[in-house]
Amino acid sequence: MRNRIKVYLGDITKLEVDAIVNAANRSLLGGGGVDGAIHRAAGKQLLAECKTLGGCQTGEAKLTKGYNLPAKFVIHTVGPVWRGGNNRETELLANCYRNSLQLAVQNEVKTIAFPAISTGVYGFPKQKAAQIALREVANFLKNNKQLKQVIFVCFDNENYQIYQQGLDEI
Ligand code: ADP
């Protein structure tokens, strides 16, 4: 289990994995943060495919090709906006991880990288978000042998420390 989960500090768009996950918004038409970085690196064809998808509900996930990215697929998921914690934020963030993993497995993905969904502009507390992410991935991996590697990509040192500590506690 532990050797199937890795924490990495850097830019998710550079990773050579089967799929990277995008912290998108419900329109799926691009945005700032990791979403903007993924669209820039993938090229215009990504936006063209996203336009055909009809958006995505919070907690759900949709798959596209990776185009100019080293990754074969992008799995777009929409994290919840943090509104104080009493608006199903925990459940919805957990759904993002579960639904992304399920979609990955359906598409024969063996290696996948996640950003820290909702912890940027959407304001989810980082520690809490990391606990949810690690718990959902660990639970999924227990019941799934197809996924060989799940990488948590941290873009800032704070998230990197939090994830490393969280991983030690699994
Ligand atoms: P959200 O709207 O879901 O909060 P953001 O893109 O604002 O999405 O932030 C989600 C996380 O992605 C943040 O921790 C942010 O630091 C991180 N991030 C931003 N750019 C990148 C990148 N190129 N690679 C990996 N993570 C990134």
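The values are calculated or read from the model by the stated rules, or taken from the named source; none is laboratory data. As the structure is a computational prediction, the values presented were derived from the model and not from experiment. Here the Cβ is made from the backbone with ideal geometry for all residues, glycine too, and neighbour counts use every protein chain on show. These accessible areas exclude ligands, DNA and RNA; they are computed on the full protein's heavy atoms, side chains included. Shrake-Rupley method; radii C 1.70, N 1.55, O 1.52, S 1.80 Å.
Some values worked out for this structure:
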{"read-out": "Whole-Å distance, taken between Cα centres, linking the stretch 1-45 and the stretch 51-120", "value": "10"}
{"read-out": "Longest DSSP-loop-exposure-free segment, GluC sites (Glu not before Pro), the chain, at most 11 other Cβ within 10 Å", "value": "17-107"}
{"read-out": "Nonlocal amide H pairs with E60, under 5 Å, H built at 1.01 Å", "value": "V78"}
{"read-out": "Residue-level accessible surface for T111, protein heavy atoms, 1.4 Å, Å²", "value": "40"}
{"read-out": "Expected 222 nm ellipticity per residue - DSSP helices of 4 or more, -39500 (n - 2.57), all of the chain, to 500", "value": "-12000 deg cm²/dmol"}
{"read-out": "Sparse-neighbour loop sites [trypsin sites (Lys or Arg not before Pro); the stretch 1-78; at most 15 other C-beta within 10 Å; DSSP]", "value": "R26"}
{"read-out": "The chain - share of DSSP beta bridges that are antiparallel (%, nearest 5)", "value": "25"}
{"read-out": "Label point distance in nm, L167-N3, each placed 7 Å from Cα along Cα→Cβ", "value": "1.5"}
{"read-out": "Of G84, Q131, T64, farthest towards positive along the dipole that unit charges on Lys, Arg, Asp, Glu beta carbons give the chain", "value": "T64"}
